[in-house]
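Shown next, in structure tokens, is the structure this report addresses.
Every read-out reported here was derived from the displayed coordinates using simple, explicitly stated rules and does not represent laboratory data. Note that this is a predicted model, so its numbers are computed, not measured. As a convention, Cβ positions derive from the backbone with ideal geometry for all residues, glycine included, and neighbour counts pool all protein chains shown.
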Amino acid sequence: MSNQATTHDTTHGPAAHGSGHAASFDTKPIWRTFWILLGITMVELLLATIHLKTGFPNKYVLNGVYLILTCAKAFYIIAEFMHLRHEIKNLIMTIAIPACLFIWFIIAFLTDGNSFRVLRDRYDPYHVEQNTIKVAPAGGEEGPAGKEQTPPAQKPGEQQ
Amino acid sequence: MMWYFLMSDAFTFGAFLISYGTIRMSSNSWPDPNEVFRAFPFMSPELHLPLVFVSLMTFILIMSSVTMVLAVAAGHAGDRKKVTFYMILTIIGGFMFLGCQAWEWTHLHGEGAWWGRNPFPNVNGSKASTNFSNFFFTITGFHGFHVFSGVIINIIMLIKNLRGDFERRGHYLMIEKAGLYWHFVDLVWVFVFTCFYLL
């Protein structure tokens, strides 16, 4: 992502700065950004389809790829469509620095969720048992299936 | 100022999506999005087209974002007619997206999903909690509401442009601000798309 960003800067940056603010609203980079965004979405769709058919890319690897591609898309929307790349540096910083808090939020909260799951699996047998009860595959009517499910779901609770 | 409003809005959406992620991480199993979101309008449900419809929605929103930038660019050039033209295209795109979302919600509601109701089993076949549908409807609903207000803002901008307000003022900054909001909605959708449909 940063590689592409630097090449973009060398090709379009000086020209845009040289001829002032208005000229930076060139329609060419807009369309190029559009094709990049469309291409990334198509790649995501393709990866998901390949994964469904063959299961080849490991789901965890795939999730990492998705996250990187999503951040790339977000970068292009913010930088080009929202035009932040061409704003003054101070504005870029007031946006970029608070946005970095998200990295911390995501890591902290996801770890917390995971540790909560581990704790419940260790200390709450009901929680583990819930996960082993199989439901009839969808296709049957939902109403009766839901009613049938309630009694076994309550039994383990009574036993405790 | 628009940027600071968008930052606060970004944190609202961020909080929603992070809480979704936290709950999902704390669950042993979760419904498979490829099983839930597999339908396409006017096609037999047996066709099993995962992600196709939502990709179409993404495409519509990105496309309307492009026409919005083009409207902003036309505003910079002071071309009132072009601004009108691209604003109309953007509004149509917004309505198309809202229509798609309305269809998806109706379809899922028809399958029995709603707030507090989740017919879809987990990946491992066990019964899923209602967390999945609660988060899905809340977050896409919140996003859809943003799209809706964005369309309203765009319509107001279009009317002001037709009346010649911006031309008299000598600049099209309001179009630019509406554009910022519109792109933000697109940006949020990119994350919603990843969190709900891909991961």
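A few points about this structure:
For every residue, the table says whether it meets (1) in contact (Cβ under 8 Å) with a residue 24 or more places away in the chain; (2) surrounded by 17 or more Cβ atoms within 10 Å (Cβ to Cβ); (3) at negative phi; (4) of a type in the set (Gly, Ala, Ser).
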position: B:Pro33; (1), (2), (3), (4): yes, yes, yes, no
position: B:Ala39; (1), (2), (3), (4): yes, yes, yes, yes
position: B:Phe42; (1), (2), (3), (4): no, no, no, no
position: B:Leu51; (1), (2), (3), (4): yes, yes, no, no
position: B:Ser55; (1), (2), (3), (4): no, yes, yes, yes
position: B:Leu61; (1), (2), (3), (4): yes, yes, yes, no
position: B:Ser64; (1), (2), (3), (4): yes, yes, yes, yes
position: B:Thr67; (1), (2), (3), (4): yes, yes, yes, no
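- Candidate set: the stretch A:54-68, residues that are of a type outside the set (S, T, N, Q) and closer than 16 Å to B:Pro33 by Cα; chosen: the one nearest to the other protein chains (Cβ to nearest Cβ): A:Tyr66
- Among the residues of the stretch B:4-46, those that are of a type outside the set (Ser, Thr, Tyr) and not in a helix (DSSP H, G or I) comprise B:Asn28, B:Trp30, B:Pro31, B:Asp32, B:Phe37, B:Arg38, B:Ala39, B:Phe40, B:Pro41, B:Phe42, B:Met43.
- Reported count of residues in the stretch B:149-170, each being in contact with a Gly (Cβ under 8 Å, 6 or more places away or on another chain) and either surrounded by fewer than 22 Cβ atoms within 10 Å (Cβ to Cβ) or under 20 Å from B:Thr12 (Cβ atoms) (or both), is 4.
- Any hit, the stretch B:7-17, residues being more than 10 Å from chain A (Cβ to nearest Cβ), among the aromatic types (Phe, Trp, Tyr) and either surrounded by 19 or more Cβ atoms within 10 Å (Cβ to Cβ) or within 22 Å of B:Val188 (Cα to Cα) (or both): yes
- When residues of the stretch B:72-87 are limited to those that are among the aliphatic types (A, V, I, L, M) and crowded, with 16+ Cβ neighbours inside 10 Å, the one nearest to the other protein chains (Cβ to nearest Cβ): B:Ala73
- Pairs where the first residue, in the stretch B:129-151, is touching a residue at least 40 places away in the same chain (Cβ under 8 Å) and the second is among the polar types (S, T, N, Q), C-beta under 6 Å, 6+ apart: B:Phe132/B:Asn118; B:Gly144/B:Gln101
- Criterion (touching a Phe, Trp or Tyr at 6+ places or on another chain (Cβ under 9 Å) and within 23 Å of B:Tyr20 (Cβ to Cβ)) met by exactly one of A:Thr70, A:Thr94: A:Thr70
- The stretch B:157-199, residues that are more than 23 Å from B:Trp3 (Cα to Cα) and among the β-branched types (Val, Ile, Thr): B:Ile159, B:Thr194
- Per-region count, the stretch A:39-63, residues among the polar types (S, T, N, Q) and loosely packed, with under 13 Cβ neighbours inside 10 Å: 2
- Breaking point among (1) aromatic (Phe, Trp, Tyr); (2) in contact (Cβ under 8 Å) with a residue 60 or more places away in the chain; (3) surrounded by fewer than 14 Cβ atoms within 10 Å (Cβ to Cβ), for A:Phe75: (3)
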